[in-house]
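Read through the structure below, which is laid out as structure tokens, and then see the notes.
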Amino acid sequence: MKMKIATIIGARPQFIKAAPVSRAIRGAGAEERRRTEGGGSGGKKGEKTGKPKKSAARARITEVLIHTGQHYDKNMSAVFFDEMGIPAPDYNLDIGSAAHGAQTGAMLAAIEQVLERERPDWVLIYGDTNSTLAGALAGAKMHIPIAHVEAGLRSYDRRMPEEINRVVADQLAAALFCPSKVAVANLRKEGIRDGVHVVGDVMAEALEYAVARAIEREAAQPEKFGLARYGIDEAGYILATVHRAENTDDPVRLKNILEALDVIGRIRPVVFPVHPRTQKMIARAGWKPKGRTARTAKTKAMPGGGDRPGEKKARSGGRAQELSPMRTGIRFIDPVGYLEMARLESGATMILTDSGGIQKEAYWLKVPCVTLRDRTEWVETVASGWNVLAGADKRKIVQAAENFTIPGKSESLYGRGSRATAPASRRIVEILAKSATRAK
Ligand code: UD1
Ligand code: UDP
């Protein structure tokens with residue numbers, strides 16, 4: 001059996017999601033080689049077939065890794081490859097930042113060329129970014145079957161670019177890997193029944209891997225990797241992230257969120273790794289946190305943006321305004337690698353975020369989560385009581401954080417903790433491998 005999977009990734013959460021699957025693909029390839037070399041087709045177990053090595057080398061599951069270049073800063077891209085043991089991409093398309101149409105169009109054209117050359121059996125896409133959409137369109141137009149990891153997620157808010165990307169990707173996919181039954185039901189409502197598999201969530205594996213490594217390296221070098229370098233300890237701090245277009249591109253929502261974090265930060269320090277998009281928008285609004293930001297020496301948060309060729313520098317629009325009252329307990333830091341993030345998440349008293357992935361990570365780590373959005377596609381986390389939706393309303397955010405009631409019990413969501421089932425990554429690779437066997 002021979003199968004080639006072309007994996008398309010480009011944004012931070014996709015590197016994290018692809019890591020366990022990529023490991024499983026390489027594991028399956030090695031296993032397949034062992035079987036072919038050791039037993040061969042028709043041979044008894046353990047008996048060498050005497051076939052030339054060439055046939056063993058051909059009997060492989062291989063992955064061609066295609067990085068669109070949607071994210072490109074070291075701490076938005078390379079760090080995840082290094083820390084999560086992902087092989088260097090076979091292709092980096094270096095597309096970079098642009099408006100949706102220009103960015104997706106450029107990716108589509110470049111991916112098409114690579115697929116033309118590589119002729120894979122599957123195009124494997126993750127999540128809901130513009131890289132996902134471009135991969136889905138390129139593969140479907142070339143009649144290459146699409147496999148979508150995180151299929152069936154819906155916020156039912158089409159103003160979110162991610163929702164459009166998900167809906168299109170699912171319509172075009174031949175294999176749809178869902179993390180939950182709710183996702184399967186969502187697909188059914190859209191008439192999608194074939195090729196749907198509930199496999200759990202690959203991010204659970206990625207998180208486990210990262211937490212284990214973060215603990216190891218902190219034990220070895222506590223000064224370098226401990227919480228103390230942020231001026232915090234396990235006694236209590238809050239972790240915050242904000243990057244969604246609906247929050248960053250609306251100055252009123254962004255200001256409300258920052259002011260809510262400031263209020264909360266007076267009680268407990270708030271550590272805030274700031275996504276480059278958010279750094280740019282904060283700088284563009286001309287806001288400047290008043291007083292000491294207490295940020296660490298390694299960080300230089302809130303540069304003026306404009307870090308890609310052809311991209312305009314953010315303009316402050318005149319005198320810097322202070323974010324009233326912003327005294328502030330917020331530690332603004334640059335985006336961090338995944339091991340550092342896993343450490344910050346697991347030690348936090350509470351997480352405030354508009355991220356999709358972080359809502360799940362908070363749930364798995366049993367850290368209360370206040371989601372800075374009006375809707376979420378991760379509805380099970382809200383139903384469980386571990387996640388509260390507070391939108392961008394300052395009063396609601398502060399109240400949700402102050403009055404959070406930790407649920408008495410919690411079930412295991414998205415396949416984590418279930419020893420009966422294989423990890424999502426392995427199931428994905430097995431399902432893809434079976435379909436390739438059938439097709440040949
Ligand atoms: C994208 C995804 C979003 C996902 C997020 C993960 C889309 C439509 N959105 O949003 O679903 O949650 O990634 O983080 O695909 N920038 C840099 N350096 C980088 C990357 C981005 O400075 O390495 C800045 C640029 O100014 C860019 C802006 O961030 O214009 C936004 O980047 P982009 O990839 O377009 O969208 P994200 O907001 O990152
Ligand atoms: N993350 C990280 N460093 C950061 C912020 C986030 O490693 O500074 C991780 C986070 O733990 C999660 C993933 O990035 O695994 C989520 O990415 P993001 O919030 O950018 O995108 P979303 O999940 O909303 O699409």
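Read-outs: derived from the displayed coordinates by stated rules, not from any lab. Source: prediction; values computed, not measured. No Cβ is skipped: glycine too gets one built from the backbone with ideal geometry, and neighbour counts run over all protein chains shown.
For the reader, a short list of remarks on this structure follows.
- Of all aspartates and glutamates in the structure, those lying under 16 Å Cα to Cα from Lys394, and not within fewer than 8 positions of it along the same chain, are Glu246, Asp250, Glu259, Asp262, Asp354, Asp374, Glu402.
- Cα convex hull, segment 172-252: 200 Å³ per residue, rounded to a whole number.
- The trypsin sites (Lys or Arg not before Pro) of segment 183-244 that DSSP puts in a loop, and whose beta carbon has at most 14 other beta carbons within 10 Å, are Arg193.
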